[in-house]
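To start, the structure itself, in structure tokens.
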Amino acid sequence: MEILSVIKFDGFSDLKWVIFKYPGQEFNDKSKVIVGPGQVALAVHGGKVENIFESGTYTLSTENYPFLKSLVKSIHGGNVPYTMEIYYVNKTIKMDMLWGTKDPIQLIDPRFNVRVRARARGQFALRITNYQFFFTTLVGTMGGKNLLVFETLSDYFRGMINTKVKTILGEYVINNKVSLLDISVYTEEISKTCHERISPEIDKLGMEMINFYIETINVPDEDLVTINTILNKKAEFDIMGDAQYRTARNYDVLEAAAHNEGSAGGIASAGIGLGMGLGIAPQIGSMMQNANPSNTPPTKSCPKCNTQIPINVKFCSNCGSPMELKCPNCNTVLAAGAKFCPECGNKV
């Protein structure tokens, strides 16, 4: 195995890395460790962090690492090779860590009293502060690989952040009685609360949450349709007033029921239940007759007074006149209002 004398990591141009394990374990005495800006290098032996190097150039020496004396394998030209792992940690602030609720948040909108589903998303920024604690806590997530990326951290935090955001958002809506249609006005205040309550969980891993933002809280289109329907009815109520609005709704119910076959009983129930308080029982009775004319017995006009009476009645209930007018000459049945007999021409 090649014995290294210079250890340097320039980072990746296309990867958002967190920890990088330098590919090599044997270094010469007096080897150079170069740590670039925004980096920290950890010298690890036997799973234990022996030293932390901030940005700069450092020289490895057995004088600095007394334990290395027992690790000498051979002597090569006066140099002493020894085994060690060097890990580079990215200490720059990661600004674009994204989060988003996986499942919708089920809430009762306090203004409209309907169940509404909401989703939220945004971003947050992290910075590693306790390099040794962070390394010892998360090095296991590397799974034997040489690289740990921020995407892995994002997956690690997603469940915790979603749980916290759902709880905080639900509490804010319920305690402050804020409708989800107006919630975007309060995103800054809710973001601040999320930052305060999520930060302690991040601190436990040796990191600091610089900020936390909610970019948007949205409601599915089908839930918006339900809310808009309620808003339209409320606007109609405000314009028409209480009495006219209730009357109009009663008529809508009756009209809808009239189109359903065999619904006369339902119409009667709806009319009585909805109309008694408004004094519209007579109108309801008339509407019932017009709504289902097939159930009304046929009538005919009295030839003398024109009163409408059932077709099978022989005498008018109003004037007592016979319903069948016959010609006195030939006994032919005459039509109502006839002046001459169509058979014999006799004047009636």
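The values are calculated or read from the model by the stated rules, or taken from the named source; none is laboratory data. Computed from a predicted structure; not experimentally measured. Every residue, glycine among them, receives a Cβ derived from its backbone with ideal geometry; neighbour counts consider all protein chains shown.
What the table below lists for this structure:
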| item | result |
| --- | --- |
| Members of segment 12-50 that are closer than 16 Å to Ile128 by Cβ, free of Cβ contacts under 8 Å to residues at least 60 places away in the same chain and outside any strand (DSSP E or B) | Gly36, Pro37, Gly38 |
| Subset tally (residues that are surrounded by 15 or more Cβ atoms within 10 Å (Cβ to Cβ), farther than 15 Å from Val6 by Cβ and among the basic types (Lys, Arg)) for segment 17-55 | 1 |
| Of all residues making up segment 176-185, the number that are touching a strand residue (DSSP E or B) at 6+ places or on another chain (Cβ under 9 Å) and without any contact (Cβ under 8 Å) to a residue 40 or more places away in the chain | 1 |
| Residue tally, condition more than 22 Å from Cys341 (Cα to Cα), part of a loop (DSSP other than H, G, I, E, B) and modelled with pLDDT of 75 or more, over segment 292-311 | 2 |
| Breaking point among (1) more than 20 Å from the chain's Cα centre (by Cα); (2) surrounded by 13 or more Cβ atoms within 10 Å (Cβ to Cβ), for Pro200 | (2) |
| Hey, Glu54 acidic (Asp, Glu) and at pLDDT 90 or above or not | yes |
| Test: residue in segment 80-95 that is assigned to a strand (DSSP E or B), at pLDDT below 80, in contact with a strand residue (DSSP E or B) (Cβ under 6 Å, 6 or more places away or on another chain) and over 30 Å from Tyr213 (Cβ atoms) | yes |
